[in-house]
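Quick notes on the structure that follows.
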């Protein structure tokens, strides 16, 4: 049950077979999000990136599908933070997501995020893409 929340956690996804739907339309803009405001106050370490991702998707309109059951982003993010606190051991954020947000430990099912339109995509893929956006944003010169 704990791991399903990692899915959002580590939160979010969606694209079924066929054309992918852009999950970012269901998120507040990064720069204006509360998640990014909090992230900018933290040390720039891998754990801060993972916490940012959980906070960011907490504010989304994406549902997490864990072992076939849907969970709202707020509930998934809360449980994902608990899971993160127990299973994070100073790994690189990208590696941690690949290891912990792909399949549930209970039924070994892929963890999905579902768009309001009903389409879904593996949560891992969305989190990895959002991590890439964050890393690129951090590297860009700030005005």
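When you look at residue 99, is it part of a helix (DSSP H, G or I), under 16 Å from residue 24 (Cβ atoms) and out of contact with any strand residue (DSSP E or B) (no Cβ under 7 Å at 6 or more places or on another chain), yes or no?
In short, no.
Tell me whether segment 71-81 contains one or more residues that are farther than 21 Å from residue 39 by Cβ and touching a residue at least 24 places away in the same chain (Cβ under 8 Å).
yes
Considering every residue within segment 131-141, establish whether at least one is at pLDDT below 95, assigned to a loop (DSSP other than H, G, I, E, B) and under 22 Å from residue 27 (Cα atoms).
Taking every residue of segment 131-141 in turn, at least one turns out to be at pLDDT below 95, assigned to a loop (DSSP other than H, G, I, E, B) and under 22 Å from residue 27 (Cα atoms).
Restricting attention to segment 65-72, does a residue exist that is in a helix (DSSP H, G or I), modelled with pLDDT of 95 or more, out of contact with any strand residue (DSSP E or B) (no Cβ under 8 Å at 6 or more places or on another chain) and surrounded by fewer than 21 Cβ atoms within 10 Å (Cβ to Cβ)?
For segment 65-72, residues in a helix (DSSP H, G or I), modelled with pLDDT of 95 or more, out of contact with any strand residue (DSSP E or B) (no Cβ under 8 Å at 6 or more places or on another chain) and surrounded by fewer than 21 Cβ atoms within 10 Å (Cβ to Cβ): absent.
Does residue 125 meet the test of being part of a helix (DSSP H, G or I), surrounded by fewer than 23 Cβ atoms within 10 Å (Cβ to Cβ) and without any contact (Cβ under 8 Å) to a residue 12 or more places away in the chain? Step through it out loud before you land on a result.
Values: part of a helix (DSSP H, G or I): yes; surrounded by fewer than 23 Cβ atoms within 10 Å (Cβ to Cβ): yes; without any contact (Cβ under 8 Å) to a residue 12 or more places away in the chain: no.
Here the answer is no, as residue 125 does not meet what is asked.
Is there a residue in segment 132-143 that is free of Cβ contacts under 8 Å to residues at least 60 places away in the same chain and touching a strand residue (DSSP E or B) at 6+ places or on another chain (Cβ under 6 Å)?
Taking every residue of segment 132-143 in turn, none turns out to be free of Cβ contacts under 8 Å to residues at least 60 places away in the same chain and touching a strand residue (DSSP E or B) at 6+ places or on another chain (Cβ under 6 Å).
Could you tell me which numbered condition residue 53 fails, if it satisfies all but one of (1) at pLDDT 85 or above; (2) surrounded by fewer than 17 Cβ atoms within 10 Å (Cβ to Cβ); (3) under 20 Å from residue 102 (Cα atoms)?
The failed condition is (2).
The values are calculated or read from the model by the stated rules, or taken from the named source; none is laboratory data. Fair warning: this is a prediction, and the values are worked out from it, not measured in the lab. Cβ atoms come from the backbone with ideal geometry, glycine included; neighbour counts cover every protein chain shown.
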